[in-house]
Amino acid sequence: MTQKDAIANYMKFAGVKTLNIVAALIDCDGVLYDSMKNHTRAWVKLMKKNGIQCTRDEFYLYEGMTGTEIIKKKFKEGVGKNITDDEALALYGVKGRYFRELGGAPTMPGAREVLEALQTAGVKRIVVTGSQQATILGRIDEDYGELLSPERVTGFDVRRGKPNPEPYLKGITKAEARPYQCIVIENAPLGVQAGHAAGCFTIGVTTGPVPEKDLYKAGANIVFPSMDALAQALPALLEALNTATAG
Ligand code: CA
């Protein structure tokens, strides 16, 4: 899809005649961090230890749900067990330990450049993640501190994870903006669904095995092959969004 068509389609969907982007709501795992490989490894280890069948690839499809939601779903489907909130949190702690044992995760190539392009354009940069993982949440400030706005939405702030729009609606509120004044940057189908359902112009980046077409199917307005590619395209994309008028 061309950028022009993507913007025209979005304006029709949002029912607005002009746009003024004031905030970017930015997912964390698979966007700011190249962390999904280790997350999927840690998930598989936790499930196998509990006798639950699974594949690594399926966890890319759950990405965006909170950790406790994923645990409840897999235990119910896998061994017919209803897990309490406390049990789920304890198991999530074990998964976090496996993740740390794998050495955490490097920052995503191109992520700094994306944040810098947003900062230059005067756009707020708010992290919106379903993660409740202290390892990553603690590192965000260290790795990206000065490039991020202080507002943040994590798995601790929401009742329902992605694909529910709640995390992004919270982000919109924290940005003190309207949905059509925010862009969402996401790598996962459920995350894209959440951004789209919240009413934001939703940018997909294919940083993992999930193909471009699946992000479009989930409601992405435009998809880029990497954070580097998004960083290069972003100044012109923001300019095009902010100068577009409904036809
Ligand atoms: Ca993600």
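Just so you know, all these numbers are worked out from the coordinates, no wet-lab data involved. Keep in mind the model is a prediction, meaning the values are calculated, not measured. Don't worry about glycine lacking a Cβ; one is built from the backbone with ideal geometry, like all the others, and counts go over all protein chains shown.
Summary of values
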| item | result |
| --- | --- |
| Peptide ranges 234-247, 186-199, 103-116 listed from the most packed, as the mean C-beta count within 10 angstrom indicates | 186-199, 103-116, 234-247 |
| Residues with amide H under 5 Å from that of Gly30, placed H, sequence gap 5 or more | Ser35, Met36 |
| For segment 152-193 versus segment 64-93, the gap between their alpha-carbon centres in whole angstrom | 22 Å |
| Cα convex hull of the chain, projected area averaged across orientations, nm² | 12.2 nm² |
| Helix axis angle, 111-120 relative to the chain longest principal axis, alpha carbon, degrees | 30 degrees |
| Space enclosed by the convex hull of the alpha-carbon atoms of segment 36-101, per residue, Å³ | 71 Å³ |
| Long-range amide H partners of Ile222 with built H, under 5 Å | Thr202, Gly204 |
| Where labels lie 7 Å past Cα in the beta-carbon direction, separation of Lys76 and Ala240 in nm | 4.1 nm |
| Angle between the chain longest axis and helix 134-144 axis [Cα atoms, degrees, rounded to 10] | 30 degrees |
| Cα-projected label distance for Lys37 with Leu147, points at 7 Å along beta-carbon direction, nm | 2.0 nm |
| Long-range HN-HN contacts of Arg125 with modeled amide H, under 5 Å | Ala24, Ser149 |
| Fraction of antiparallel bridges per DSSP, the chain only, in percent to nearest 5 | 10 percent |
| Which listed pairs, of Lys12/Lys124; Lys81/Lys174; Lys76/Lys162; Lys48/Lys170; Lys72/Lys124, have C-alpha distances above 30 Å, in listed order | Lys81/Lys174; Lys48/Lys170; Lys72/Lys124 |
| Alpha-carbon spread of segment 122-247, three principal axes, descending order, Å | 44, 32, 27 |
| Gain in span if fully extended, Lys48 to Arg112, counting 0.36 nm per residue against the direct Cα distance | 19.5 nm |
| Added length on full extension, which subtracts the Cα-Cα distance from 0.36 nm per residue, Lys4 to Lys217 | 74.8 nm |
| In Hz, Karplus ³J(HN,Hα) per residue of segment 233-241 (6.51, -1.76, 1.60; θ = phi - 60°; x = Gly, Pro) | 7, 4, x, 5, 5, 4, 4, 5, 5 |
| Relative contact order for the chain, counting Cα pairs under 8 Å that sit 6 or more residues apart, in percent | 29 percent |
| The chain: angle of helix 67-79 to the longest principal axis, Cα-based, in degrees nearest 10 | 50 degrees |
